[in-house]
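**Q** First the structure, which I've put down as structure tokens, then a few questions once you've had a look.
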Amino acid sequence: MISDVAIAVVTGGGHGIGRALCRRLHRDGVHVVVADIDKAAAEAVAADVHGTAHAVDVANETDMAMLIERVETDTGPIDLFVSNAGVGFGDADGNAASRHGGMHQVDDRWETCWQINVMAHVFAARALVPRMVKRGGGYLVNVASAAGLLAQIGDAAYTATKHAAVGFAEALAITHGDDGIRVSVVCPQAVATRMIGIEDDSDAMEGGFGGNEVDGILSADEVADCIVAGIADERFLILTHPQVSTYVQRRAADHDRWIGGMRKFRRRIIAAKT
Ligand SMILES: NC(=O)c1ccc[n+]([C@@H]2O[C@H](COP(=O)([O-])OP(=O)(O)OC[C@H]3O[C@@H](n4cnc5c(N)ncnc54)[C@H](O)[C@@H]3O)[C@@H](O)[C@H]2O)c1
């Protein structure tokens, strides 16, 4: 339960973690603005949570500025903005530096991941922080990934941009904490959504691709509950999968050993596929 949040915006609210979070926030009495590039999905979720739908491409700064302006004018001050929309395309041909995606087609996956996984968070903060500071505070939640603390095997662009997203969230928290801006960064491992090859409403809790099942898959609802608990505690780092904390410590203690372990894990994933 988050008592001081009346209005929240969730990007990527049309599916997966964002959709579950919209539903959870609605149950907690929050008016939810569902923002997604998939207009039909945003409208369906908004109808479900008696909220408002906005079609937006978070990679486009004008779209993001207009979204924030329209919500604040038509609905009211945004107390909580969740930058959740994110994408990953996979390495093509096992090449970490490949331009194109291996699992999903895209012209330039580096540019696309950079714009959606990082710059969208910057665009939201650029438009919102001055407004929030003026009214005495606000909450920004940025959904990154455990890949932003560790690595996503088979997706270098996702790994690099999620690391950047964690770095930006830290910078926001340090720079604007004294202004009353609260910041959390969410770093999940596998979650049963379309991102790992599991369709909405499928109820599947295993399968998908990329070796995600190795360490346990959470449902989007479980992750939404963790996010809300983290917000209620005003915790900067929201780890939905507790083992990530151990991995982060092991990586920091001996980086070479960590890389060696990840290579071994990669070999296992490749062997399982062939
Ligand atoms: N599923 C996982 O295993 C997992 C693990 C760690 C982190 N994450 C992160 O969680 C977040 C949500 O992912 P998910 O698993 O729910 O995936 P998902 O694919 O189910 O949902 C992503 C949503 O973002 C929307 N979106 C994509 N590009 C957009 C754009 N340019 N503008 C607006 N909306 C856009 C999609 O339409 C979709 O509704 C992402 O940031 C992802 O990186 C997911």
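The values are calculated or read from the model by the stated rules, or taken from the named source; none is laboratory data. Just so it is clear, the structure is predicted and the values come from calculations on it, not from any experiment. Every residue, glycine as well, gets a Cβ built from its backbone with ideal geometry; the counts of neighbours run over all protein chains shown. Please note that ligands, DNA and RNA were not included when accessible areas were found on the heavy atoms of the full protein model with its side chains. Shrake-Rupley method; radii C 1.70, N 1.55, O 1.52, S 1.80 Å.
**Q** Give just the number: which of (1) in a strand (DSSP E or B); (2) open to solvent by 10 Å² or more (accessible area, probe 1.4 Å) does ALA127 not satisfy?
**A** (1)
**Q** Would you please name the residue that is surrounded by the fewest Cβ atoms within 10 Å (Cβ to Cβ), looking only at residues in segment 146-159 that are in a helix (DSSP H, G or I) and within 13 Å of the ligand (Cβ to nearest atom)?
**A** The qualifying residue surrounded by the fewest Cβ atoms within 10 Å (Cβ to Cβ) is THR159.
**Q** Of the residues ASP201, ASP221, which single one is among the acidic types (Asp, Glu) and within 15 Å of the chain's Cα centre (by Cα)? Walk me through it before giving the result.
**A** Working: ASP201 fails: within 15 Å of the chain's Cα centre (by Cα).
One residue alone meets the criteria, ASP221.
**Q** To continue, here is another question. Quick one: what pairs do we get from segment 1-26, first residue under 15 Å from SER83 (Cβ atoms) and among the small types (Gly, Ala, Ser), second away from the ligand (no atom under 13 Å from the Cβ) and in a helix (DSSP H, G or I), C-beta under 9 Å, 6+ apart or different chains?
**A** From segment 1-26, the pairs are ALA8/LEU25.
**Q** Working only within segment 25-51, note down all residues that are more than 13 Å from the ligand (Cβ to nearest atom) and either over 19 Å from ALA120 (Cβ atoms) or not β-branched (Val, Ile, Thr) (or both).
**A** Selection gives LEU25, HIS26, ARG27, ASP28, GLY29, VAL30, HIS31, ALA47, ASP48, VAL49, HIS50, GLY51.
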